[in-house]
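> Mind having a look at this structure? Questions to follow.
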Amino acid sequence: MPSNDAAPKGRAARSSSIDWRTVVVNIAIPLAGMLIALTIGAILLVFLNVNPFDAYAVLMGGAFGSWTGLAQALVKATPLLLVGLGICIAFRASVINIGGEGQIIAGALMAAWWPLQFRSWPGWLLISTTLIMGFLAGSIWGFIPGLLKARLKVNEILSTVMMNSIAAQLMNLLIRGPLIDPAGVAAGTYLAQSERLPANAWLPRLVPQTLLNAGAIVAVILAVVVYIFLWRTTIGYRIRAVGLNPDASRYAGINVPFYQALSLTLAGGFAGLAGVVEVLGVQHRLLEGITGGYGFTGIVAALFGGLHPLGAIPASILFGGLLVGADKMQRAVQVPSSLITAILGLVVLFVVGSSIWSKRWAARRKIEAVKESEAAG
Amino acid sequence: MPVETKAQSKHRLEHVEMRQIVKRFPGVLANSKVDFDVRAGEVHALLGENGAGKSTLMRQLYGLYKPDEGEIIIDGNPVVFHSPADAIRAGIGMIHQHFMLVPTLTVAENVILGLTSKHEPILDLDTVSQKILELSRSYGLKVDPAAFVWQLSVGEQQRVEIIKALYRGASLIILDEPTAVLTPQEVTDLFATLKHMVKEGHALVFISHKLHEVMEISDRVTVLRDGQVIGTRPAKEMTRNDLVKMMVGREMKQIAPQPIRSGPVRLKIENLHTMGDRGTEMLRGINLDIHGGEIVGLAGVSGNGQRELAECLSGLRKVTAGRIELDQMDITSLPLKNRVESGLSYIPEERMRDGAIREFSVQENLFLQDHASPQFTRGIFLDFPRMEAFASKMIREFTVKTPSLDTPVKNLSGGNIQKLIMARELARHPKVLIAAQPTRGVDIGATEYIHERLLMQRDAGTAILLISEDLDEIRTLSDRIAIIYEGNIIGIVDRNEATVEQIGLMMAGISMEEAVHHSA
Ligand SMILES: Nc1ncnc2c1ncn2[C@@H]1O[C@H](COP(=O)(O)OP(=O)(O)OP(=O)(O)O)[C@@H](O)[C@H]1O
Ligand SMILES: [Mg+2]
């Protein structure tokens, strides 16, 4: 797991000039790690009698070879980033949120219901209130395990996983019952999906002919907001303090359980937003499989981005792209999707591992600078 | 024997040398061409101010860091240690400034941690315990092999660390500030053990900030300053003042505080009761008033309720009965945060764990309590320029040695972390200050400085409760001395009223009248 000092620290971040050698190394080493991972993946592919070059061409080309592929990658990156932002907050407080899936569902349920109640509202009002309500729904799903942890010391890994099952069953129930699409009932198909939302509730599409929507912009803005929140506000400071040393935080008068619960609540809210964006931006209704596994992949993306909200942006795009590529690869070269998952896992392992190397390198470089200044003075 | 010990089989180290050692950290030259050597049968003390590079030098000898330049020579042969495992194999052991035991394991399990058993994968703990008891008998190190480490006092934990080193057959043992956490009695016991070890032909490196200890135990002394060797001398030829001059480059002032007229009662403790961690009553009706402008020293053998009292006063531990008032305001059930806002400061004893966040920067650590004060915020946003200005001022005033404000605290030397916490607590100009072992692990220059600051704070009207195991410190600083015994204050004396012997007797539970009678 990347260490916690990925974040810029006050002054250094603002005043020091850019050291290009460091920048190059910081990009080159993770890339090398990625190459090694792909090489191992290639060996696995050869065992399955698949030409690895073809497979990788599809994997990369699928997402990053065309504009529509890229748009698809960004569509998937959006919920990953939103979930990842919540993960950044929770993990910084040393709270492990495995409940992304359930929180996404909570947000999505709200997004499938709320706009139907207020059809006549203007679009901007309808969309913004839905975003807020979805955030709230997700945060309730995070708040419950948070409260259980704070009050009864219930392990949050356990409780968030259970909340996932509860949400999944609740959704099953609702989209077959109260929320079921009346059109399906009328046609006698009884498809397990909710009613199509009125068009004024849809998030505007950014690129015609694609699913890329304004949710992506919302996610990027929120990444900046979360960054400011964690490193520039008192609440963010306390969340990080609690995560790094609960003893010292308690001695400093910080209410440790409160901030742990708060971080889970916020994490739930961001995952809830991912659900809203999927419904308002992509599907325009709630249907089974709405979470797309983003609740889990978002964790990986956040870790990959060094648990830094801004780092989560490129990480989400990369993983969004890999998901798109993996889809296409599966269809094009008939590779079982579990193998693709394994290769993605390798990539994470090697890139995170290599980031430790580049940190060591940075430390050595600083020492050389000291040596030089000694020699000069 | 079922577990590999190597103790007997290994040859004794005769002469270990470090030559021209250079070690750099980002922004710091921690050791600069250092020569150091130690022989079998001697104690070589390493002295120097906080951040002088003592721990760094010894960590290289123990294989934790690799020297950037220079070499290590054992009995004439150059060696390179890639890890502590190599150093241990060569017969070197180290007792760290901060212990490295696993609290949830027993003593025996800790001792063999990392060793391979002859009957791998089966542990033969009985034979291990046997061997531990043997070592413990022959070196006078009392420990129970079956006890869990979390149950042990600091002194006991240290004995476990020493046994661990002996068990691994170490013939050179490095002790990094071993006495900083010990009670005076424990120090006496430790020294008896060390003297015995030297007689057996062990070589010892001893690091301490307490000069009288260095003079008592060591044969040679090496003084480091800013990473450089100032000199190596036979201990017998040196006076305390010589050592001070070598260490800090000047002489120390004698602190002789003038008593001042104390003001009204600021901290009032009435009939305070509380339970300890193990469910027994640790405070049994404490009564104590501390006036503004007064330092009350709390003397006592550790474990008589000092820690619990400090925790009750700061709001970390629930009071079962009684009352605490700060400036006539009842704070008995206020949470810590509100007490801090009402003007209470607390310097905790376990500062490394409870007082600082290792991964946070120096600046972030300086604002653990006050980051939300209107002075340093705009709304919910932190005001960095203001924080920075204030932080640099504190660092300068309290002479905290750090490459920058952004350096993570874990890269600072032990004593400098202590100073940083002190700076934070005193800069708040508290109404009431609870200081637990405020100069533990701090060099003499900084000790002098901290004493001065405490007195300044007193003169400014703060009521100070000074909890310390260093009776000299208590006697130098306190206006009154309260003696705690088994959860009760069994006597309060004025500074000049009682002799050391009388205080010592009272610490052993003898009442004031009897104590006066005894020593008369
Ligand atoms: N791991 C590290 N990374 C960066 N700097 C370090 C590291 N360890 C030590 N330093 C720096 O090296 C210098 C020497 O530190 P060292 O711990 O050796 O001091 P010391 O003499 O043991 O002091 P003390 O008496 O306070 O324990 C200090 O300035 C410290 O900040
Ligand atoms: Mg040290």
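> In segment B:362-383, what residues are part of a helix (DSSP H, G or I), at the interface with chain A (Cβ under 8 Å from one of its Cβ atoms) and surrounded by fewer than 21 Cβ atoms within 10 Å (Cβ to Cβ)?
B:His371, B:Ala372
> Let me ask another. Exactly one condition in (1) away from ligand 1 (no atom under 16 Å from the Cβ); (2) more than 14 Å from chain A (Cβ to nearest Cβ) is false for B:Ala436; which is it?
(2)
> Hey, does segment B:428-450 have a residue that's farther than 21 Å from B:Pro348 by Cα and over 17 Å from the mean Cα position of the chain (by Cα)?
No, every residue in segment B:428-450 fails to be farther than 21 Å from B:Pro348 by Cα and over 17 Å from the mean Cα position of the chain (by Cα).
> Further question: Against the condition more than 16 Å from ligand 2 (Cβ to nearest atom), within 14 Å of chain A (Cβ to nearest Cβ) and surrounded by 14 or more Cβ atoms within 10 Å (Cβ to Cβ), how does B:Pro145 come out, does it pass?
So B:Pro145 does not fit the description; no.
> What number of residues within segment A:225-284 are more than 9 Å from every other protein chain (Cβ to nearest Cβ), in contact with a strand residue (DSSP E or B) (Cβ under 7 Å, 6 or more places away or on another chain) and outside any helix (DSSP H, G or I)?
0
> Moving on to the next point. Give B:Pro84, B:Pro78 a once-over and let me know the one that is at pLDDT below 90, assigned by TED's automatic domain parsing to the domain that holds B:Pro178, more than 16 Å from ligand 2 (Cβ to nearest atom) and closer than 22 Å to B:Glu14 by Cβ.
So the residue among B:Pro84, B:Pro78 that is at pLDDT below 90, assigned by TED's automatic domain parsing to the domain that holds B:Pro178, more than 16 Å from ligand 2 (Cβ to nearest atom) and closer than 22 Å to B:Glu14 by Cβ is B:Pro84.
> Against the definition (surrounded by 23 or more Cβ atoms within 10 Å (Cβ to Cβ) and within 16 Å of ligand 1 (Cβ to nearest atom)), how does B:Lys33 come out, yes or no?
When the stated conditions are applied, B:Lys33 does not pass them.
> Mind counting the residues in segment B:195-218 that are within 16 Å of ligand 2 (Cβ to nearest atom) and not in a helix (DSSP H, G or I)?
6
> Name the one entry in B:Thr104, B:Thr127 that is touching a Phe, Trp or Tyr at 6+ places or on another chain (Cβ under 7 Å) and more than 26 Å from B:Val223 (Cβ to Cβ).
Answer to the check: B:Thr104.
> Which residues, counting only those in segment B:347-357, are under 17 Å from the mean Cα position of the chain (by Cα), touching a residue at least 12 places away in the same chain (Cβ under 8 Å) and facing chain A (nearest Cβ under 7 Å)?
Passing the criteria: B:Pro348, B:Gly355, B:Ala356.
> Looking only at segment B:411-424, which residues are more than 7 Å from ligand 1 (Cβ to nearest atom) and closer than 20 Å to B:Ala30 by Cα?
B:Ile417, B:Gln418, B:Lys419, B:Leu420
> Within segment A:232-249, count every residue that is over 13 Å from A:Val95 (Cβ atoms) and of a type in the set (Val, Ile, Thr).
3
> Specify which of the listed residues (A:Ala199, A:Ala219) is of a type outside the set (S, T, N, Q) and farther than 30 Å from A:Val95 by Cβ.
Of the residues listed, the single one that is of a type outside the set (S, T, N, Q) and farther than 30 Å from A:Val95 by Cβ is A:Ala199.
> Separate question: May I ask you to list pairs of residues, at least six apart or on different chains, whose Cβ atoms are under 6 Å apart, with the first in segment A:151-165 being among the polar types (S, T, N, Q) and the second being at pLDDT 95 or above and outside any loop (DSSP other than H, G, I, E, B)?
Cβ pairs passing all conditions: A:Ser159/A:Pro145; A:Ser159/A:Leu148; A:Thr160/A:Pro145; A:Asn164/A:Glu101; A:Asn164/A:Gly102.
> Considering only segment B:349-361, state which residues are part of a loop (DSSP other than H, G, I, E, B), surrounded by 20 or more Cβ atoms within 10 Å (Cβ to Cβ) and in contact with a strand residue (DSSP E or B) (Cβ under 8 Å, 6 or more places away or on another chain).
Within segment B:349-361, B:Glu349, B:Gly355, B:Phe360 meet the criteria.
> Output yes when any residue across segment B:286-295 is assigned to a loop (DSSP other than H, G, I, E, B) and crowded, with 19+ Cβ neighbours inside 10 Å, and no when none is.
So far as segment B:286-295 goes, yes, one or more of its residues are assigned to a loop (DSSP other than H, G, I, E, B) and crowded, with 19+ Cβ neighbours inside 10 Å.
> Filter segment B:38-75 down to residues that are under 26 Å from the mean Cα position of the chain (by Cα) and of a type in the set (Asp, Glu) and give me whichever is nearest to B:Lys236 (Cα to Cα).
Per the stated criteria, the residue is B:Glu42.
> Restricting attention to segment B:471-508, report how many residues are among the polar types (S, T, N, Q) and under 25 Å from B:Glu452 (Cβ atoms).
Here the count works out to 3.
> Sticking with this one: Counting only residues that are away from ligand 1 (no atom under 16 Å from the Cβ) and touching a residue at least 60 places away in the same chain (Cβ under 8 Å), which one in segment B:40-88 is nearest to the other protein chains (Cβ to nearest Cβ)?
Among those that are away from ligand 1 (no atom under 16 Å from the Cβ) and touching a residue at least 60 places away in the same chain (Cβ under 8 Å), it is B:Ile88.
The values are calculated or read from the model by the stated rules, or taken from the named source; none is laboratory data. Model, not experiment: these values are computed from the prediction. Don't worry about glycine lacking a Cβ; one is built from the backbone with ideal geometry, like all the others, and counts go over all protein chains shown.
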